[in-house]
Amino acid sequence: MTLMLAAQGMGLVLFPMSGFDADGLERAFKLGANEVSVMLVTVGYAAQDNWPPKRRKPVPDVLELV
């Protein structure tokens, strides 16, 4: 988290990713048996008008309190 906050303070945009091929990543980077990959973090500068915000449904349309 400290690395992410420091990068953000330098004007970078970060996105943590889960659900990746951990075994493939460990083979590609030749990680040892005691090194475990739990998350990937993409880092870069945001492009102007990169993507428009996604439209989201209002919470009451997808959640019902019982």
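Read-outs throughout are calculated quantities, based only on the coordinates presented, and are distinct from any laboratory measurement. Keep in mind the model is a prediction, meaning the values are calculated, not measured. We place every Cβ from the backbone using ideal geometry, glycine too, and count neighbours over all the protein chains shown.
For the pair residue 47 and residue 20, the difference between a 0.36 nm per residue extended length and the Cα-Cα distance amounts to 7.3 nm. Extension gain for the segment residue 35 to residue 1, taken as residue separation times 0.36 nm less the Cα-Cα distance, is 10.4 nm to one decimal. Each principal axis of the Cα cloud of the chain was evaluated for its coordinate range; sorted largest first, these ranges are 47, 37, 22 Å. Label zone (residue 28, point 7 Å along Cα-to-C-beta; backbone nitrogen cut-off 17 Å) within the range 1-16: 15-16. Here the 3J(HN,Hα) profile of the range 10-23, calculated from phi with Karplus coefficients 6.51, -1.76 and 1.60 at θ = phi - 60°, is 8, x, 8, 10, 10, 9, x, 10, 10, x, 9, 7, 4, 5 Hz, Gly and Pro shown as x.
Evaluating 6.51 cos²θ - 1.76 cosθ + 1.60 at θ = phi - 60° for every residue in the range 57-66, the Karplus couplings come out as 6, x, 3, x, 6, 10, 9, 10, 7, 10 Hz, glycine and proline recorded as x.
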